[in-house]
1. Mind checking the angle between helix A:95-105 and chain A's longest principal axis? C-alpha axes, 0 to 90 degrees, to the nearest 10.
2. Can you give the angle from 0 to 90° between the axis of helix A:134-148 and the longest principal axis of chain A, with both taken from C-alpha atoms, to the nearest 10?
3. If I ignore ligands, DNA and RNA and count only protein heavy atoms, how much of A:Asp115 is accessible to a 1.4 Å probe, in Å² to the nearest 10?
4. May I ask for the longest run of chain B untouched by trypsin sites (Lys or Arg not before Pro) that are loop-located per DSSP and have at most 16 neighbouring C-beta atoms (other than their own) within 10 Å?
5. What order do A:Cys212, A:Cys271 take when sorted by accessible area (1.4 Å probe), most exposed first?
6. Where in the stretch B:174-194 does the label zone of B:Ala229 land, with the point 7 angstrom along Cα→C-beta and an amide N cut-off under 18 Å?
7. Select from A:Ile154, A:Ile34, A:Ile285 the residue whose mean-square fluctuation is largest in a Gaussian network model of chain A (Cα-Cα springs shorter than 10 Å).
8. May I ask you to rank A:Phe109, B:Phe149 by accessible area, largest first, using a 1.4 Å probe over the protein chains only?
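The values are calculated or read from the model by the stated rules, or taken from the named source; none is laboratory data. Just so it is clear, the structure is predicted and the values come from calculations on it, not from any experiment. Note: ideal-geometry Cβ built from the backbone for every residue, glycine included; neighbour counts use all protein chains shown. Please note that ligands, DNA and RNA were not included when accessible areas were found on the heavy atoms of the full protein model with its side chains. Shrake-Rupley method; radii C 1.70, N 1.55, O 1.52, S 1.80 Å.
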Amino acid sequence: MSDNILLETRSLTKRYGKVTALNNFSVALESNKIYGLLGRNGAGKTTLLDIITSRRFAGAGDVRLFGQDAKENQKVLPNVCYMPEKNYFIPTMKVSEILETSAMFFVNFDMEYADRLCARFGLDKRKKYKALSRGYESILRIVVGLASRAPLTIFDEPVLGLDAAVRDLFYRELLEDYTSHPRTFIVSTHLIEESADVFEDVLIINNGELICRHHVAELREMAFYVSGRPSDVDAAVNGLNVIHSEMVGSVKISAVFNKINDEMKNRLKTCNVDISPIPVQKLFIYLTNSNKGVFQ
Amino acid sequence: MNRISKCLRFQLKNMLKSTLWFLIIYCLAAYGLSLLTYILSGGEQQTFRSGLSVGAAFYIFVYVISDYRTTFNYLMINGNTRTTIYISNIIANIILSVAMSILSYLSGFADAFFTKALSGIIPGQISILQFIYPGSVGVLELPYLAALFILITAFSKLYGVLNYKFGKYFVTIFWVGFGLAVISLPLSGSDSFLKIGTIIEKYLWLGHPNGVLLAQASFIITALVFGAAAYLISRRQPQTEPVS
């Protein structure tokens with residue numbers, strides 16, 4: 001195992017009755033990176049995060065964090081700040097009390113930074129949690145997660161209920177704080193397009209399995225549309241990994257997800273076709289629909 | 001250990017707030033009502049009884065159940081393991097039990113004081129324990145109540161854990177079962193009453209010269225059984241329920 005590996009899951013399997021939420025799931029994540037965890041509803045994202053943080057237990061397999069078995073490990077868990085999608089804060093507590101409690105439990109918690117974040121996001125520290133709107137509940141989770149400065153910080157759907165301006169502020173804060181205090185983030189989200197620029201690596205889960213793991217730049221390079229006359233498109237994409245095809249009038253559009261070498265590039269140039277990039281969101285839809293993205 | 005003490009500090013802070021509210025409301029209601037009755041009756045002589053020990057028992061039962069769900073979930077997202085949370089929770093519950101037993105014991109003196117001040121009666125019997133165990137020393141009420149309250153916290157904890165795990169199914173089955181048992185008891189004849197009476201008598205060691213101390217042992221042993229069962233169930237409990 002590389003020294004830089006922070007988190008490793010080995011053959012994780014979790015079943016809920018007849019439903020398999022995670023199927024033999026193995027992945028290793030490095031330190032000091034921002035990972036995007038993408039998947040459709042019910043793909044197994046939250047189950048994976050719950051098992052990593054010992055909120056749930058896997059039926060089989062294990063999780064190693066910081067080189068140790070993570071299951072119910074009191075030495076490991078304080079280094080992980082997990083802000084789940086569900087509300088686990090105590091409704092009668094004030095925002096200031098929640099921040100103070102977080103400061104007590106997370107050794108790296110930066111209260112000054114938390115105060116600055118509250119001011120920037122317009123979060124009133126005197127308010128009780130139960131008086132917060134859906135958006136401000138998300139903001140509080142963001143503030144706690146960022147200010148915790150935990151070596152592994154996990155956000156599950158952090159931008160739920162937030163408007164575009166606040167979402168943008170979150171992405172900027174995340175990048176700024178990550179730059180000044182490098183650590184590992186895992187961000188699970190459905191808003192793929194707008195958050196893709198924040199991620200260094202993207203993990204896509206479908207039906208409890210990891211179907212794609214790539215650097216975002218690499219992902220963008222590998223995914224492209226080929227459009228033109230059907231015969232030209234078919235010739236151009238011959239031998240490539242086509243994850244989606246459709247006809248728009250007389251024009252055929254094929255979505256390709258493939259590593260491209262020089263020979264392939266030359267061939268595409270000689271065919272009478274147009275090449276255009278696939279937005280990450282579209283790529284995600286194609287991959288999770290076709291299930292053909294498996295590690296090209 | 002550091003982690004346990006942090007969890008404990010958090011739980012005690014929460015507990016202090018709730019308990020103070022309970023005590024204020026309870027004392028206002030108990031003494032206020034007695035005072036009102038005294039005034040309305042034109043100052044007739046009467047004995048003041050706050051019954052704090054009974055009120056405290058109900059409070060502990062409800063508090064521990066409701067506290068389990070909120071505290072368990074909240075402490076988990078702060079990086080604590082189930083074992084850490086459980087140990088700190090046991091300590092917090094013991095502290096709550098001892099504090100409530102002291103307050104209940106002291107409330108007996110407050111009752112006597114009010115009775116004497118307002119009615120001029122000098123109450124002879126201030127300890128309910130001396131009524132159940134004649135000849136026992138009054139101060140033994142303190143450890144007796146503490147042990148009883150510890151038993152209630154352990155039972156409530158088990159109830160809370162099962163409630164978390166099975167939700168409304170457990171609550172329905174428990175209370176329907178309890179109701180049926182209460183209803184069917186008179187129908188099953190006087191023998192059942194006698195049998196239950198004998199069991200309670202033996203459990204509480206009534207009539208035994210050291211009954212007060214032995215009953216405390218009964219409470220603690222039962223609490224240990226409930227506590228162990230609650231731990232075994234909760235140590236693999238998933239964090240599934242959001243705080244409502």
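1. Helix A:95-105 sits at roughly 90 degrees to that axis.
2. Between helix and principal axis, roughly 80 degrees.
3. So the heavy atoms of A:Asp115 present about 60 Å² to solvent.
4. B:1-234
5. A:Cys271, A:Cys212
6. So the set is B:174-182.
7. Ranking A:Ile154, A:Ile34, A:Ile285 by mean-square fluctuation puts A:Ile285 first.
8. Working: A:Phe109 25, B:Phe149 0 Å².
Ranked list, largest accessible area first: A:Phe109, B:Phe149.
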